[in-house]
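The values are calculated or read from the model by the stated rules, or taken from the named source; none is laboratory data. Only a predicted model underlies this, so the values are computations on that prediction, with no experimental measurement involved. Cβ atoms come from the backbone with ideal geometry, glycine included; neighbour counts cover every protein chain shown. Heavy atoms of the whole protein, side chains included, go into the accessibility calculation; ligands, DNA and RNA do not. Shrake-Rupley method; radii C 1.70, N 1.55, O 1.52, S 1.80 Å.
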Amino acid sequence: MDPKSWIRAKARISPYEAIFWIAAAVIPFVFFENYLSLAASVAVTALFCISLDMILGYAGIISLGHAAFFGIGAYTAGILSARGWGEPISGLLLAAAVTAAVGYIVSFMIVRVQHLALLMITLGLSFLLAELAISFDQFTGGSDGLQGIDTWKLLGIWKFSLWGHTAYAYALATLFVLFLLARRIVHSPFGLTLEAIRENPVRTTALGAPNHAHLRKIFTIAAAFAGVAGALLAQISETVSPEALGFQRSAEIAVMLILGGTGRLYGAILGAIIFMIARDQISGFYLQYWYFWIGLILILVVLFLPRGILGGLERLARLGRRA
Amino acid sequence: MNSLETRNLNKAFGKLVVADNVSLALPQGARHALIGPNGAGKTTLINLITGALRPDTGSVQLNGEDITSLLPDARVKRGLGRTFQINTLFPQLTPLESATMAICERDALSGHWLSPLAKHGAAIDEAYDLLGRVGLADAATKPTRDLAYGQQRLLEIALALASSPKVLLLDEPAAGVPKSESAALFEVIAGLPEDISVLFIEHDMNLVFSFATSITVLVQGAILTEGPPDQIAHDPQVREIYLGGAHHG
Ligand SMILES: Nc1ncnc2c1ncn2[C@@H]1O[C@H](COP(=O)(O)OP(=O)(O)O)[C@@H](O)[C@H]1O
Ligand SMILES: [Mg+2]
C-alpha cells in the first residue's frame, strides 16, 4: 500500500461533488425562478453552517452563540452600506476582517473552557451582542433594524433585483469559493491536527501540540466565515435586525448541522438545504407545527443517524456497494 | 549529564502524599523500571515529569535544562515523550493519520492550513514506516477504535515515538494485553532505539527483569530502594512490600 495515495484519496474531489455544484448552479435558475430569493438565503445559511462545522464538527468546539459573528458581519456590511459605501465585495472583505478580529479576541475565552461552561459563554456572548445592537440604535437602527442599506451593482455590472438572479449567483459564488477554502483547510495538516484535538486533546498535548493556539486559529477563521455569511444576507436583503445575532439563529444553525451531519462540510450544506426548504414549504400552511416537526426529526436523527443524514446516506451507499 | 533528572519532587492531593521527595536520574540510553504497588504514585510521577501536574516543590531537568516551569507541549518539543496507562488515542482517526499528525506537529507543519496534507509526503511515509516497525502496517488505515486492544497498545508506543523523543516514559505499556499479543509488544519495547532513555512502569516482572538495567521501587510516593535488577529481586524489603508475603520462606 502507498500511504500517500490513501491520504490523497480521502481528499480527492468525487464526481458527486461536481454534479452537486453544477446542479446548484443550474437548477434554481432554470426550474425554480420564483424561488431564487429562497435559494440565495439557503446558500447564505449553508455558508454559515459550514462555519459552525469547522469549529464544532472538526475541532469539537460546541457553540450556542455562533450567530454573534453572523450578526457582526451583517451589521458591518449593513452599516458600511447605509453610510454610503454599498460596493458588495469590499463589504464582504470588511465584514470578514472585523469578525476575524472579534473572533480572535473571543477565542482566548473560548479555548479555556469546555462543555457546559462553553455553551454558557457562547450563549452569553450572543445575548450580550443582541442587547448591544438594540441599545446602539443610532448605528444599528435598534430593534426596528438597520435602514437605508443600498447594495451597489455586483462588479459594477449586475443589479440586485427583486427576482434574485444576482443575489443567488452572488451568494452561490461566495459559498463556492469559501467552501473550496474550507475544504482545503480541513484536508491540510492543520485540519488533521484539529480532528486529533477533537478526538483527544490530552494526547495531542502529549505529542507537543499547542491545543489552544490551534483552536484559536480555527475559531478566528470560522468567525470570519460566519461574518461573510451575515454580510451576504445584509447586502441581499438590504436590512439587518438584531435577530441576525440572536439565540434562535444560533440554535437553528446547530440543528441544521446535526441534521446534515458534522465534520464533513457537505453535511452542513445538506442540513441547510433541507431545513430551509422544509420550513418554507411547511410554514406556508402549518406555521405553528414547524417546530413540532423539526423537534421530531431532530430526535429521530440523533437517535438513529448519529452521523446525520449525510452520514446515514454514506453508510447506505457502502452497504449497497458491498451487497 | 543525565537525560532526565527529578530533584526532590513533592506532590500531595489534599492530605494524600503521592510524591515524597522523589529524586531520580536517568543517564543517556537508560532502561530504568519504576515499580511499586497500585496507588504508589507511579503515574503521578510521570505526570509531574511531563507537566500534566505541577509539583508542590522540586524540579525536573531534561538534558541539563530545568523544565519545571515549561508547559507540557513545550517539554515534548524538547524531547520528552510518553505513553498512557489507559489508551489515550484518536478513536475515529486511523493509525496512519494519528502518526502523521504527530510527525507534522514535531516538524512544525501542523500550522500549515492551506497546503494539502498529501503534499507532505515525507511525513506520511515516515508515519507509515514507523507503524510498520511496530507491526501495524496492515492496520494503518483502519479507524483506531476498530483495532484489537493489543494493537492499540502498540499504537500508544508508536505515537510517542513519532515525536522523536530523547526520553521516553512508558506507563504500563503491557497493561491488560493478553498473553497471545504480549510477545509483539515486548519485541517493540526491546527494539527501542538505544540512544533513547526509557523510564517504564510495569507490573509484568518478566518484562521488568529482562529489559531493565536499573529499577526504582516506589511505595506511598517515596523511593523505597533503587538498584540493578538482581539486587532488587533479592531485596527482602521489596519482596515483603511489593512482591507480597507469598514469597516468605
Ligand atoms: N488528580 C488526582 N486527585 C486526587 N488524587 C489522585 C489524583 N490522581 C491520582 N490520585 C491518587 O494518588 C494516588 C497515586 O495514584 P497513581 O499515581 O495513579 O498510582 P499508580 O500509578 O502508582 O498506581 C492514588 O491513591 C490515586 O487515587
Ligand atoms: Mg498508574
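Can you run phi through the Karplus equation (6.51, -1.76, 1.60; θ = phi - 60°) for region A:317-323 and list ³J(HN,Hα) in whole Hz, with x for Gly and Pro?
Going residue by residue, I get 4, 5, 4, x, 5, 6, 5 Hz, with x marking Gly and Pro.
Using alpha carbon centroids, what distance separates region A:133-196 and region A:264-323, in Å?
Centre-to-centre (Cα) distance: 24 Å.
Hey, got a sec? Which trypsin sites (Lys or Arg not before Pro) in region A:1-106 land in a DSSP loop and have at most 11 other Cβ atoms within 10 Å?
Values: sites: A:Lys4, A:Arg8, A:Lys10, A:Arg12, A:Arg83; in loops: A:Arg12, A:Arg83.
Passing both the DSSP loop test and the Cβ count: A:Arg12, A:Arg83.
Quick one: Cα centre-to-centre distance for region B:153-205 and region B:84-130, in angstrom?
Taking the Cα centre of each part, region B:153-205 and region B:84-130 sit 19 Å apart.
Output the antiparallel fraction of DSSP beta bridges having both residues in the protein assembly as shown, as a percent to the nearest 5. Intermediate values should be presented prior to the final figure.
Values: 21 of 37 bridges.
DSSP beta bridges in the protein assembly as shown are roughly 55 percent antiparallel.
Show me the three semi-axes of the equivalent ellipsoid for the protein assembly as shown, from the C-alpha gyration tensor (sqrt of 5 times each eigenvalue), largest first, rounded to whole Å. All intermediate terms of the calculation are to be shown ahead of the outcome.
Working: eigenvalues 587, 128, 82 Å².
So the equivalent ellipsoid measures 54, 25, 20 Å along its semi-axes.
Pick from B:Gln85, B:Gln237, B:Gln61: which residue has the top mean-square fluctuation in a GNM of chain B where Cα pairs under 10 Å get a spring?
With Cα springs under 10 Å in chain B, the top fluctuation among B:Gln85, B:Gln237, B:Gln61 is at B:Gln237.
What FRET efficiency comes out for A:Phe136 versus A:Val113 if R0 is 35 angstrom and r is the Cβ-Cβ distance? Round to the nearest 0.05.
The calculated FRET efficiency here is 0.80.
Can you run the Rg to Rh ratio on region B:147-214? Use alpha carbon positions and the Kirkwood inverse-distance Rh.
Numbers: Rg = 11.4 Å, Rh = 12.3 Å.
Using Cα coordinates only, the ratio equals 0.93.
Could you calculate, for chain B, the ratio of the Cα radius of gyration to the Kirkwood radius, expressed as Rg to Rh?
Reported Rg/Rh (Cα atoms, Kirkwood Rh): 0.98.
Per residue, how many Å² of accessible area does region A:125-164 show with a 1.4 Å probe? Don't skip to the answer; put the middle values down first.
Details: 2770 Å² over 40 residues.
Solvent-accessible surface per residue comes out at 69 Å².
Evaluate the distance, in nm, between pseudo-label points positioned 7 Å from the Cα of B:Asn8 and of A:Leu128 along their respective Cα→Cβ axes.
4.5
Distances longer than 16 Å among the Cα atoms of region B:88-163: what percent of all pairs is that? Let's see the in-between values first.
Values: 1189 of 2850 pairs.
Across region B:88-163, Cα pairs with separations above 16 Å total 42 percent.
Under 8 Å for C-alpha pairs, at least 6 residues apart: give me the relative contact order for region B:96-231, rounded to a whole percent.
19
I want the antiparallel fraction of DSSP beta bridges within region B:75-220, as a percent rounded to 5.
Working: 0 of 8 bridges.
Of the beta bridges lying entirely in region B:75-220, close to 0 percent run antiparallel.
Measuring from label point to label point, each 7 Å out along Cα→Cβ, what is the B:Asn21 to A:Gln288 span in nm?
7.8
For B:Gln28, list long-range residues whose amide hydrogen, built 1.01 Å from N in the peptide plane, is under 5 Å from its own amide hydrogen.
Result for B:Gln28 returns B:Ser3.
In whole Hz and in residue order, list the ³J(HN,Hα) couplings for region B:111-120 that follow from phi through the Karplus curve 6.51 cos²θ - 1.76 cosθ + 1.60, θ = phi - 60°; x for Gly and Pro.
Each residue of region B:111-120 in turn: x, 5, 10, 10, 9, x, 4, 4, 6, 8 Hz.
Before rounding to the nearest 500, sum -39500 (n - 2.57) across all DSSP H runs of length at least 4 in the protein assembly as shown and divide by the residue total; then give [θ] at 222 nm in deg cm²/dmol. Please list the in-between numbers first.
Working: 23 runs with 316 residues, N = 572.
My calculation for the protein assembly as shown gives -17500 deg cm²/dmol from helical runs alone.
Any idea what the relative contact order of region A:3-245 is, in percent, if you count C-alpha pairs under 8 Å spaced at least 6 apart?
On the way: 360 pairs, mean separation 98.4, N = 243.
Relative contact order of region A:3-245: 41 percent.
Testing the spin-label approximation: label points 7 Å from Cα along Cα→Cβ at B:Glu240 and B:Arg54. State their distance in nm.
If labels sit at B:Glu240 and B:Arg54, their model points lie 3.9 nm apart.
Sequence-distant or interchain residues sharing an amide H contact under 5 Å with B:Leu34, placed H: which?
Placed amide hydrogens put B:Phe200, B:Ile201, B:Glu202, B:Thr216 under 5 Å from B:Leu34.
Please average, across the residues of B:135-141, the number of beta carbons from any other chain that are within 10 Å of each residue's own beta carbon, and give a whole number. All intermediate terms of the calculation are to be shown ahead of the outcome.
Details: counts 0, 0, 2, 1, 0, 3, 6.
Taking the mean over all residues of the peptide, I get 2.
Show the residues, 5+ positions off or on another chain, whose built amide H is closer than 5 Å to the amide H of A:Val240.
Excluding prolines and chain starts, which carry no amide H, the hits are A:Leu146.
What accessible area per residue, rounded to a whole number of Å², is obtained for region B:50-185 using a probe radius of 1.4 Å? Working shown, then result.
Numbers: 5030 Å² over 136 residues.
I get 37 Å² per residue for this part.
Using a 1.4 Å probe over the heavy atoms of the protein chains, calculate the carbon and sulfur portion of the accessible area of region A:3-245 as a whole percent. Show your work: numbers first, answer last.
Numbers: 7110 of 10250 Å².
It is 69 percent, rounded to a whole number.
Pick from B:Gly14, B:Gly121, B:Gly221: which is most flexible by mean-square fluctuation in a GNM of chain B where alpha carbon atoms under 10 Å apart are linked?
B:Gly14
On the accessible surface of chain B, probed at 1.4 Å, how many percent belong to carbon and sulfur atoms?
Carbon-and-sulfur percentage of accessible area, whole number: 53.
Given a Förster distance of 41 Å, report the FRET efficiency between A:Phe20 and B:Ala183 from their Cβ-Cβ distance, rounded to the nearest 0.05.
Once the sixth-power term is evaluated, E becomes 0.25.
Tell me, what is the FRET efficiency for B:Met1 and A:Arg184 to the nearest 0.05, using R0 = 41 angstrom and their Cβ-Cβ distance as r?
Working: r = 45 Å, r/R0 = 1.11.
My answer for the efficiency is 0.35.
Using protein heavy atoms only (no ligands, DNA or RNA), what is the total accessible area buried between A and B, 1.4 Å probe, nearest 100 Å²?
Values: alone 16880 and 11940 Å², together 25350 Å².
Between A and B, the summed buried area is about 3500 Å².
To check my understanding: the extent here is largest minus smallest coordinate of the Cα atoms along each principal axis. What are those three numbers for region A:3-245, in Å, largest first?
55, 47, 25
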